[in-house]
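Structure record follows, encoded as structure tokens.
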Amino acid sequence: MEIKETLALVPTVIGSLKTIKETCDSLNAGFLPKNRQKLKDLQQQVKELEERVQSGFPQLASLTKGYADVSASVRVAKALSDKNHELLGFLQDTKFVYSLLIRIPGEMESNCAEVEKRITNLPETNTIELGQAKRTIATIRRDLDRLKQFTRIDPSEVKVNQSKEEARRLTGDIATQYSELDAILSSLLNRILENIGQAKL
Amino acid sequence: MSQDLITNLYNSFDPFQPLPAGDAAYVDLRSVRGDANILRDLGNKIIRSPGRNTCQLYAGHRGAGKSTELLRLQADLNQKGCFVVYFAADRDDLDPEDAQYIDILIACTRHLLDALKDANPQPLLTWLSDRQQDLKELAFTEIRFDDLKLETAIGLFGKLSSTIRAIPNERAKIRAQLDAHTVTLLNALNEFIRNAKRHLPSDKSQLVVIVDSLERIVPVNRDEKRTNHEEIFIDRANQLKGLDCHVIYTVPVSLVYSFRAVSLLNIYGNAPLVLPMIMVETPDGQIYQKGIEKLKELIYRRVHKYTLMQIFENEEILEHFCLMSGGHIRNLMLLIRSAFDHIDKLPITKRSAQRSITQAREIYHRTVEEDQWSLLVEVYKSKAIKNDDEYRKLLFNRCILQYAFFDEEGEMQVWYDVHPLIKEMMNLDDTSKPNLLIPMDEASQRYAQLLSEEKYAEASQIADSIYQMYETNVKSLKSRSESDEYIGAVSWSSYWKLRRDLYKSRNEV
């Protein structure tokens, strides 16, 4: 089931719980002497379930939005890395390549910062995936630092061509890491949802 | 209050409104324009020719200030005993994209009839009456030709003019019907003029017609060696000269600098007067401070209630505008006006100024055809133009500007340069292609700035305009699809397309 469908179910579930609760409250326990305790237990269970759903729903909504934001940022960052990788493959003119080398890191860095910020904004969880995501971001940052060195190179043909190959490899690596990050985030979301399902949040 | 102020200032820089004679905003630019003085150079010939008619040509780049100068001349001649009929032909009378001699003649007739109401219109009424069959065929069925009056005639010539200007199909029909009758119309008009000259106000002794905006007629090649400019100003010269009064026509600067220059001199008896640009650089590439100061004065006069520093963040911005205009007044007005579009409050900042310049540069970039870049580099290096249609096209499009100054021996030196907005895009190492990196560098900076301010929609617009620019480039380089330039243009195009779309989800947010 899609997340949005799951979320759409929440109000229905809350509505149904309310109805069950009202029904239970309206039942006269005097007519059910043997099952009085069972009814009491049921009322208690319904109450607890309602509380859990009601407190869990905003959390789930915020989590879903947070995940969608991170995912969009990761895709943006990946698309730009891919494009830079592709451009470094196509461009032959030294001036063009130099121009690209000096402007690549700026936007890629701000994209990475955006991804990082959005991951930090995710509801606090303690999962393996979150650790993996943070490690991947650190790797991307390291590669970006290497890319940044090319903004200071000598614009001579030899230097530019040498740097181009290395920059191309790095942008390719970064794009791959963003793909991995996307997969990690997907798995993170699944785990969080599972946790919600098991009420472990 | 602030918005009203910006609106007022914005309107002070209307680039399409010539200054009326005597306007306080007028600045005498002779000293930075090769001593061009319309009152002396065109006016004196008229004043000194009381017994005979003169026909003079006035040229210059569009937007250089010719109309302002002509309005000054009109006022000056009025004071000196002339009755002057001035009109801008492109306003109501002809379509600059498709104009012929007959359009000019009809326009002259209409304006003369309208301005000289004391004269006897009978010759023109008779001419109209003789043409009634033709005119009825042109759907002028509501006219009662048996009882033509002056007002009807003015209305009819007005309708002919406005139809010629606005309706291409009807334009062709009018020309087909009336072209064979231009000689008789000219004769009738001259008869009317002769009568009018006898009925001029007592303080007026000469009649002068000034036909402005003909320089805007777009050059169209008729056959291999001829253009519509030649058809009008050379082939029809006798008719243009044939009005029985003093006449001044504006002409395209590209014609004046064509191999037809000698023909113009022989036919019209004097070389056309050319209004050069205001020099903002010397031929050796140094900033010409005197020219810059004049342009600054020109701006100051338009905003005289305010100090320039209330309007511009610093003086450097103002001087950069002056320099980037190439000394072309309309360009300067456009650049400043466009900078106002990018601010919500004063002053004009460096960023808004740069946006305005970049936008203008993109337009010029699109104007230059692929094979013209090498010509521009040549002009930039030699400060001269060759007698060739391609150079004339660039002159007509204002990609090349003409300047003049007097050297130490008092000799006038005329020289040419590439428009500064284009100059920055030229690749002097490789003359065959533009330097595409300049607009991209500027755009990248703006784009990054906007992203940092989270103005994603604006960033996307910038990316789109750069994408469009590279797409134009891709198309023009298609024949060289194996070349590095083509590959570069395709790559950058896709890069900017991606950047245009990249943050769309954030736009929507």
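The values are calculated or read from the model by the stated rules, or taken from the named source; none is laboratory data. Model, not experiment: these values are computed from the prediction. For neighbour counting, all protein chains shown are included, and Cβ atoms are generated from backbone atoms with ideal geometry for every residue, glycine included. Accessible surface areas use protein heavy atoms only, side chains included; no ligands, DNA or RNA. Shrake-Rupley method; radii C 1.70, N 1.55, O 1.52, S 1.80 Å.
For this structure, a couple of remarks:
- When each of B:G34, B:G43 is tested for being of a type outside the set (F, W, Y) and in a loop (DSSP other than H, G, I, E, B), the lone residue that passes is B:G34.
- Test set (1) out of contact with any Lys or Arg (no Cβ under 7 Å at 6 or more places or on another chain); (2) aliphatic (A, V, I, L, M); (3) within 12 Å of chain A (Cβ to nearest Cβ) - B:A457 fails condition number: (3)
- Qualifying residue in the stretch B:454-469 (condition: modelled with pLDDT under 85, in contact with a Gly (Cβ under 7 Å, 6 or more places away or on another chain), among the aliphatic types (A, V, I, L, M) and more than 30 Å from B:S31 (Cβ to Cβ)): no
- Residue in the stretch B:194-218 that is nearest to B:I46 (Cα to Cα), counting only those that are open to solvent by less than 50 Å² (accessible area, probe 1.4 Å) and assigned to a loop (DSSP other than H, G, I, E, B): B:K204
- Matching residues, the stretch A:83-119, being among the acidic types (D, E) and more than 9 Å from every other protein chain (Cβ to nearest Cβ): A:E109, A:E114, A:E116
- Qualifying residue in the stretch B:49-70 (condition: in contact with a strand residue (DSSP E or B) (Cβ under 9 Å, 6 or more places away or on another chain), farther than 24 Å from B:S254 by Cβ and not in a loop (DSSP other than H, G, I, E, B)): no
- Unique residue being of a type in the set (A, V, I, L, M, F, W, C), more than 13 Å from chain B (Cβ to nearest Cβ), touching a residue at least 12 places away in the same chain (Cβ under 8 Å) and closer than 14 Å to A:L181 by Cα when the list is A:L122, A:L144, A:L130: A:L130
- Against the criterion of being of a type in the set (F, W, Y), open to solvent by less than 10 Å² (accessible area, probe 1.4 Å) and touching a helix residue (DSSP H, G or I) at 6+ places or on another chain (Cβ under 9 Å), B:F145 does not qualify.
- Tally of residues being touching a residue at least 12 places away in the same chain (Cβ under 8 Å), surrounded by fewer than 22 Cβ atoms within 10 Å (Cβ to Cβ) and in contact with an Asp or Glu (Cβ under 6 Å, 6 or more places away or on another chain) across the stretch B:470-509: 4
- Flag if A:L49 is more than 10 Å from chain B (Cβ to nearest Cβ), touching a residue at least 40 places away in the same chain (Cβ under 8 Å) and farther than 23 Å from B:S460 by Cβ: no
- Residue, nearest to A:T136 (Cα to Cα), within the stretch A:61-80, restricted to residues that are more than 11 Å from chain B (Cβ to nearest Cβ) and hydroxyl-bearing (S, T, Y): A:Y67
- Any chance B:I299 is over 30 Å from B:L57 (Cβ atoms) and either buried (at least 18 other Cβ atoms within 10 Å of the Cβ) or under 21 Å from the mean Cα position of the chain (by Cα) (or both): yes
- Every pair of residues 6+ apart whose Cβ atoms lie under 8 Å, when the first sits in the stretch A:180-195 and is in contact (Cβ under 8 Å) with a residue 60 or more places away in the chain while the second is acidic (D, E) and in a helix (DSSP H, G or I): A:L185/A:E129; A:L188/A:E129; A:R191/A:E129
- Residue that is at pLDDT 90 or above and surrounded by 19 or more Cβ atoms within 10 Å (Cβ to Cβ), where the choices are B:L186, B:L135: B:L186
- Members of the stretch A:129-148 found to be surrounded by fewer than 19 Cβ atoms within 10 Å (Cβ to Cβ) and over 14 Å from the mean Cα position of the chain (by Cα), listed by number: A:R135, A:A138, A:T139, A:R141, A:R142, A:D145, A:R146, A:K148
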